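Notes follow once the structure below has been shown.
The values are calculated or read from the model by the stated rules, or taken from the named source; none is laboratory data. Note that the structure is a prediction, hence the values are computed from the model and not measured. No Cβ is skipped: glycine too gets one built from the backbone with ideal geometry, and neighbour counts run over all protein chains shown.
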Amino acid sequence: MAIKITDECINCGACEPECPNNAIYEGAVDWKASEGTALTGTVTMPSGLTVDADSPQEPVSDDVYFIVTDKCTECKGFHEEPQCAAVCPVDCCVPDEDHVESEETLLNKKAFLHGE
């Protein structure tokens, strides 16, 4: 399953540079599918959302850091555990029960994001 950031986030930013998919953004900041990935042009994200990879998308949260579910692979294929959760000082990076994915699905998402 993807990881989410709860509203206990203190906006320290420790998680953002740790994400190998650039799936973590500061609250109220637009995100792009292309950032930290090999995605270009018009792409259909794993959720079915079709976007221009370089076009800014609406922030998921205006208040705290957030994770773009379509870009989160729980660090599968990169690390043994989600790095955001490993570095979070307040343990607010937790599994997202609304986005449960198998290891195979997460690895396929990694391949999709990075053109492998």
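Some points to look at:
- If you filter segment 32-44 down to residues that are part of a loop (DSSP other than H, G, I, E, B) and β-branched (Val, Ile, Thr), you find that the one that is nearest to the chain's Cα centre (by Cα) is Thr37.
For (1) of a type outside the set (Asp, Glu); (2) without any contact (Cβ under 8 Å) to a residue 40 or more places away in the chain; (3) closer than 12 Å to Lys109 by Cβ, each residue gets a yes or a no:
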position: Gly48; (1), (2), (3): yes, yes, no
position: Asp52; (1), (2), (3): no, yes, no
position: Ser55; (1), (2), (3): yes, yes, no
position: Glu58; (1), (2), (3): no, yes, no
position: Phe66; (1), (2), (3): yes, no, no
position: Glu81; (1), (2), (3): no, yes, no
position: Ala86; (1), (2), (3): yes, no, no
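- Qualifying residue in segment 98-116 (condition: farther than 16 Å from Cys9 by Cβ and touching an Asp or Glu at 6+ places or on another chain (Cβ under 6 Å)): yes
- Reported count of residues in segment 42-57, each being over 15 Å from Ile24 (Cβ atoms) and in contact with an Asp or Glu (Cβ under 7 Å, 6 or more places away or on another chain), is 6.
- Sole exception among (1) touching a helix residue (DSSP H, G or I) at 6+ places or on another chain (Cβ under 9 Å); (2) modelled with pLDDT of 95 or more for Thr69, by number: (1)
- Within segment 1-38, if we keep just the residues that are of a type in the set (Ser, Thr, Tyr) and under 20 Å from Ala111 (Cα atoms), the residue that is surrounded by the fewest Cβ atoms within 10 Å (Cβ to Cβ) turns out to be Ser34.
- Flag if Ala111 is part of a helix (DSSP H, G or I), touching a residue at least 40 places away in the same chain (Cβ under 8 Å) and either of a type outside the set (D, E, K, R) or surrounded by 20 or more Cβ atoms within 10 Å (Cβ to Cβ) (or both): no
- Any hit, segment 23-46, residues being of a type outside the set (Lys, Arg) and modelled with pLDDT under 95: yes
Here's the yes/no breakdown for (1) within 14 Å of the chain's Cα centre (by Cα); (2) loosely packed, with under 14 Cβ neighbours inside 10 Å; (3) assigned to a loop (DSSP other than H, G, I, E, B):
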position	(1), (2), (3)
Pro46	yes, no, yes
Val60	yes, no, yes
Lys76	yes, no, yes
Glu80	no, yes, yes
Cys84	yes, no, no
Asp91	no, yes, yes
Leu106	yes, no, no
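- Segment 6-31, residues that are of a type outside the set (A, V, I, L, M), in contact with a strand residue (DSSP E or B) (Cβ under 7 Å, 6 or more places away or on another chain) and outside any loop (DSSP other than H, G, I, E, B): Glu16, Tyr25, Trp31
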